[in-house]
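Quick note: the coordinates plus some simple rules give every number you see, no bench work behind them. For clarity, every value in this text was computed on a predicted model and none was experimentally measured. Positions of Cβ are backbone-derived with ideal geometry, glycine not excepted, and every protein chain shown enters the neighbour counts.
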Protein chains: 2
Amino acid sequence: MEIKVLKPILGANDQRAEENRGLLEKNKIVAINFTASPGAGKTSLLMATIKALREEFRIGVVEGDVSSAIDAETVSKEGIPVVQINTGGACHLDATMLSNALANLPVDDLDVLLIENVGNLICPASFALGEHRKVLVASVPEGHDKPHKYPVMFSESDAVVLNKIDLQPYVDFDRDKFYSAVNGLREGAIIFPVSCKTGEGIDRWVSWLSEQIRSEQRA
Amino acid sequence: MEIKVLKPILGANDQRAEENRGLLEKNKIVAINFTASPGAGKTSLLMATIKALREEFRIGVVEGDVSSAIDAETVSKEGIPVVQINTGGACHLDATMLSNALANLPVDDLDVLLIENVGNLICPASFALGEHRKVLVASVPEGHDKPHKYPVMFSESDAVVLNKIDLQPYVDFDRDKFYSAVNGLREGAIIFPVSCKTGEGIDRWVSWLSEQIRSEQRA
């Protein structure tokens with residue numbers, strides 16, 4: 001008698017994330033999920049990224065926040081299609097929220113979707129959205145010990161952007177310790193030290209990101 | 001026939017929080033719950049607070065982190081009784097975790113318990129621990145819009161410590177906007193601008209905290 005081996009049924013969120021991924025690929029959209037602490041500078045990084053890539057790619061944005069539409073308003077002023085998700089009390093975006101956002105975006109006219117997750121270094125790590133890459137935004141004033149304290153998020157991110165390097169002279173931040181902690185969690189992790197304020201390092205970050213987008217488009 | 005009106009049954013966490021509160025009061029311990037974003041400077045504030053108050057009060061500490069014992073080691077070097085709680089994946093401390101920590105602290109010999117919650121501006125707001133006061137630690141480089149984005153935590157905190165004011169000259173932080181946002185969420189909110197690095201403002205914060213402790217001891 002044949003023994004049936006059933007694949008584990010995906011959890012509801014993972015199943016919805018796969019549907020999102022299907023919709024994104026059908027529309028040839030590459031999606032990037034940005035996570036960070038509150039105040040690390042996700043929105044500033046998004047704005048710098050939009051400025052650098054908007055000639056090459058048609059960009060859309062999803063903003064996730066517990067409350068307020070401050071970030072969506074900032075993005076909208078640039079004439080970029082944007083949907084604000086207010087999670088109410090929830091501390092992360094989930095795949096259903098992204099699915100609802102996709103239904104409100106002009107998916108026929110986008111190449112890239114930048115998703116700004118809720119400011120939280122813990123919970124968003126547990127909820128796949130259907131994204132192609134995860135990018136963690138850390139910042140110098142938060143301190144070099146953050147990878148040790150929030151290891152899951154760091155270990156699951158394809159790249160780490162270390163923002164606010166212009167504040168390095170004024171704080172106790174050991175960049176070597178930060179780099180080795182990140183590399184200990186994810187071997188060969190790519191780290192981009194940047195200052196969204198001065199523009200330092202943005203070129204290298206944007207060049208990596210556009211190569212990731214082109215690589216997914218070819219896939 | 002008499003109609004019985006049942007009080008709503010407390011949730012499991014609230015019930016445990018009440019038990020913690022009973023244990024704290026039986027032992028005349030005043031407990032303060034510190035919440036913040038990752039990297040706002042909770043541990044630095046705790047260290048400054050311990051230094052200022054250790055002559056007057058016998059202090060114990062509970063450190064909450066997803067992972068690592070970095071903060072507990074820092075506290076322990078000062079000869080202060082400390083328990084580190086590693087939450088695993090959980091993004092907040094709950095009352096059962098505090099109950100376990102209390103069982104591992106010399107409760108007969110403490111006047112004050114400083115509880116450092118997990119770095120997260122969202123979820124810890126939903127879990128009472130049995131504490132007497134909640135203090136939110138914000139920091140200047142996080143930006144003045146944080147109260148709008150994380151309103152529940154700000155509205156539930158008895159005091160807000162605004163740390164890293166020494167970085168004010170180097171960042172775009174509008175202190176008036178921050179103050180009015182905090183006051184909009186909690187009228188008459190007490191805000192303490194401090195720098196744990198230079199010591200500026202610590203006196204006023206510590207003076208308020210010790211008055212809160214004495215007031216609870218008299219109650």
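Taking the Cα centre of the stretch A:1-133 as reference, the dipole from Cβ charges on Lys and Arg (+1) and Asp and Glu (-1) amounts to some 200 debye. Evaluated over the stretch A:135-199, the count of Lys pairs having alpha-carbon atoms less than 16 Å apart is 4 (only pairs 8 or more residues apart or interchain).
When both the stretch B:53-90 and the stretch A:171-212 are represented by their alpha-carbon centers, they are found 30 Å apart. Counting other Cβ atoms within 10 Å as a rough exposure proxy, the listed residues B:216, A:131, B:56 run B:56, B:216, A:131 from fewest neighbours to most. Computed about its Cα centre, the charge dipole of the stretch A:12-218 is approximately 140 debye, with only Lys, Arg, Asp and Glu carrying charge at their Cβ. P(r) tail for the protein assembly as shown: Cα pairs beyond 39 Å make up 23% of the total. The number of Lys pairs in the stretch A:1-127 with C-alpha atoms less than 30 Å apart, excluding pairs fewer than 8 positions apart on the same chain, is 11.
Take residue A:183, push a point 7 Å out from Cα through the beta-carbon direction, and compare it with the same point in every other copy: 5.0 nm, smallest first. Sequence-distant contacts, meaning Cα pairs under 8 Å at least 6 residues apart, place the relative contact order of chain A at 24 percent. Over the C-alpha trace of the stretch B:13-218, radius of gyration and Dmax come out as 16.0, 48 angstrom. Projected label points at residue A:26 and residue B:18, each 7 Å from Cα along the beta carbon direction, are separated by 5.2 nanometres. Remark: label point of residue A:26 defined 7 Å out from Cα along the Cα-Cβ vector; separations to the same position in other copies 6.1 nm, ascending. Charges were assigned to the Cβ only: +1 to each Lys and Arg, -1 to each Asp and Glu. The resulting dipole of the protein assembly as shown about its Cα centre is roughly 160 debye. As a proxy for reagent exposure, B:97, A:153 were ordered by neighbouring Cβ count within 10 angstrom, fewest first; the result is B:97, A:153.
Relative contact order for the stretch A:141-209: 39 percent, from Cα pairs under 8 Å spaced at least 6 residues apart, divided by residue count. Relative to the other identical copies, residue A:99 shows label-point distances of 3.7 nm, where the label point lies 7 Å from Cα along the Cβ direction and values run shortest first. Scaled against 2.2 N^0.38 Å for its residue count N, the alpha carbon radius of gyration of the stretch B:48-147 is 1.10. As a proxy for reagent exposure, ranking B:136, B:102 by other Cβ atoms within 10 Å from fewest up yields B:102, B:136. Quick note on the stretch B:50-104: its Rg to Rh ratio, both from C-alpha atoms and Rh being the Kirkwood radius, is 1.00.
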